[in-house]
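Worksheet: one structure, shown below.
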Amino acid sequence: MAALATGGATPSDGATSFQRKVPASSRLAAIAGTRPSVRHGQLLLSSGLPSLDCVLGGGLAVGTLLLIEEDKYGIYSNLLFKYFLAEGIVCGHNLFVASAKEDPADILKELPAPLFDDVHKNQVDEKETAIKSKQESQESMKIAWRYQNLPKMEVSPAASARFGHYYDVSKTVSPELLKSIKWHRFFLPEEMSLHPEIKTCNMTCGYTRLLQSIQRIIYQEGFDGSYPQKKQKNILRIGIQSLGSVLWGDDICCTDNPEDIFSLTKFLYVLRGLLRMSLSACIITVPAHLIQNKAIMERVTNLSDTVVGLESFIGSERETNPLYKDYQGLIHVHQIPRLNSLICDVSGTKDLAFRLKRKQFTIEFADHQPCASQKEHILTFKHRLSFRASS
Amino acid sequence: MFAELNELLNASPERPEQGKLTLLRDTKTDGSFLVHHFLSFYLKAGCKVCFVALLQSFSHYNIIAQKLKLHKLNVCLWIPSLLGLLPRGFQQFSQGVSLTAAKERGQLVFLEGLKSCFDVFFGEEQHVGQTNPLQFVSKDGSNLKTMYEFVRTSLMASGSDSWKCPVLLVDDLSVLLSLGVRPVDVLDFIHYCRVAVCSQLKGNIVVLVHSNDDSEDEENELVVNSLCHQSNLILWAEGLATGFCKDVHGQLKIIQKGSSELKAEKNLLRIYQYKIQDKNVTFFARGMSAAVL
């Protein structure tokens, strides 16, 4: 009895017909791909990496901004960006992809393919199950004969949805899955040619257009609650690539004394307002290593909610360091927001390294251990924070 | 409101001080718990509060304010209150403060910066008019005059009000610098507010700023240093120099300026460490955290 009472359909093993009655107050929890936080009841989204969700205290809160400080060549930050969008596809959220260098359609085509445990098994045993099911239907139940005539239970896709998925980096997402979701695009060169004249708020032109585009989508699709009659609520995942780079028309990455140092911070402030009043979450990658004026990065950090910096070992002396031989880089969590609460879920250790394999991107803790001679400390990596795919 | 912080500051909601500028400063950590403390402190004290919230939404402050409770009543007060001998007022003290209720009865004037900025940016020119406090974002201006007018009109005592001294609370001032306001204009704004609120209306001002020892943001440091000289009380929340610790979240420096400018009294500096919990913040002397004892 107790096992049944604890809650909804178990995803992988066997199907049960038990459905927990959702009380009216937790209506919002019914949005696919979200779960309420234990601490402050805030709705959380997965960032696409289960280990990053763990580091961020459960996930990314709806209405907040995740800022990624790009690594030197932008390889891993681009990967995190893609994981975020891929998670949106798997959960059925709406996407808004903005970029100044790549066409958003191309970005979407290159998203990693999700790993479904059941899919693997199903493809192999398809023929066998077809034969077996015929046999089973003819067998009569000897003990539970009352249940003989009940229809077979099917696990509905919503019931088996879980929080956080794994992706295979070597494969791209299937076009059918892409077609199933609704997405919006913003490609700066295209926008500049379409509408040459717009009023600016004394902000760089590209940023103003982007803000107007985001606001238009939020309003038209009703993410800010402007269509209360729409029963099925959904989340808008906004992804902005390489904000602050030269391609957006901003010169903070080129010179020490940029023409307008307030464009980026004003943009982030208005974006913060937009996010707080809608059911959306945003990921922005910023080439922080190129910004000469460090004061701007401090202000940008203050205006963002979650700030994660990536440092890859490519081309640095650490690449040949035996300590780091299994790892591709370090992750620095600069800031985690405290929303609706005085405290936030911060992990104890601050030294985190990441490792990229084909099917998972893991983040692991570093643990300083003194060696026997006590002359030097060995940095060992323990306490793996990885969630292995059960297949 | 944190009872332990009230004891440290020797402050009580029944007799709030008047005409003071309090500076809240944080370095390498988040000092917003101090803002929540002062917000509920002044609301409980019955003061009229104008809260300029530039970084977070109204619901964020509301949810936290409702969680904050007074330190548990002494046992000697507890038993009579259980028996119903004490008046209702004591029992109500253990509840948090509801900002929505405070707004409705006119005690709290809340300026939600994010919403105002949204109106300025996306609203029609003629609808916005000239009265939006954040309208400096749209023009090239760095003029905080409209914000000052907003503060002044909201704290001006109207005839039917029975509130005690007015209070201006700003969270946080460093954001104005990110929006294109020059440091000189920020300092002018604070100066005008001090004249209006502290001198004329005999009220208080509480301002939060971020600072950093090795910060490259010179404009911010300029504003912070200037405010440090002007304020009567400085509460400086710092992260621990030795790094992150689970049991001690930071260190609070309380700097009380000498009360009389003529006598040139020494500033009183006290240092405590604190730990933030879900509904309360505990303060203790350095090295005396509960985990160590």
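The values are calculated or read from the model by the stated rules, or taken from the named source; none is laboratory data. None of these values were measured; they are calculated from a predicted model. Positions of Cβ are backbone-derived with ideal geometry, glycine not excepted, and every protein chain shown enters the neighbour counts.
Just one of B:S259, B:S289 is surrounded by 12 or more Cβ atoms within 10 Å (Cβ to Cβ), out of contact with any helix residue (DSSP H, G or I) (no Cβ under 9 Å at 6 or more places or on another chain) and at pLDDT below 85; which is it?
B:S289
Look through segment B:175-223, keep the residues that are part of a helix (DSSP H, G or I) and facing chain A (nearest Cβ under 9 Å), and return whichever of them is surrounded by the fewest Cβ atoms within 10 Å (Cβ to Cβ). Quick ask: steps written out before the conclusion?
Step one: list which residues in segment B:175-223 are part of a helix (DSSP H, G or I), which gives B:175-178, B:183-200, B:218-223.
Okay, now just the ones that are also facing chain A (nearest Cβ under 9 Å), so B:175, B:177-178, B:218-220.
Numbers: B:V175: 22, B:L177: 25, B:S178: 25, B:E218: 10, B:E219: 17, B:N220: 24.
Looking at the filtered set, the residue picked out is B:E218.
Of the conditions (1) within 29 Å of B:Y61 (Cβ to Cβ); (2) away from every other protein chain (no Cβ under 14 Å); (3) aromatic (F, W, Y), A:F267 fails just one. Which one is it?
It is condition (2) that A:F267 fails.
For the list (1) under 30 Å from B:E221 (Cβ atoms); (2) in contact with a Leu (Cβ under 8 Å, 6 or more places away or on another chain), I need the number of the one condition that A:D251 fails.
(2)
When the residues of segment B:262-281 are filtered to those that are surrounded by fewer than 17 Cβ atoms within 10 Å (Cβ to Cβ) and touching a helix residue (DSSP H, G or I) at 6+ places or on another chain (Cβ under 8 Å), which remaining residue is modelled with the highest pLDDT?
Result: B:R270.
Is it fair to say A:N302 is modelled with pLDDT under 90, surrounded by fewer than 24 Cβ atoms within 10 Å (Cβ to Cβ), of a type outside the set (V, I, T) and within 28 Å of A:Q212 (Cα to Cα)?
So A:N302 does not fit the description; no.
Could you figure out which of (1) surrounded by fewer than 19 Cβ atoms within 10 Å (Cβ to Cβ); (2) over 14 Å from A:D71 (Cα atoms) isn't true of A:F262?
Failed condition: (1).
If you scan segment A:307-363, which residues turn out to be hydroxyl-bearing (S, T, Y) and within 14 Å of chain B (Cβ to nearest Cβ)?
Taking segment A:307-363 and keeping what is hydroxyl-bearing (S, T, Y), we get A:312, A:316, A:320, A:324, A:327, A:341, A:347, A:349, A:362.
Matches in segment A:307-363: A:S341, A:S347, A:T349.
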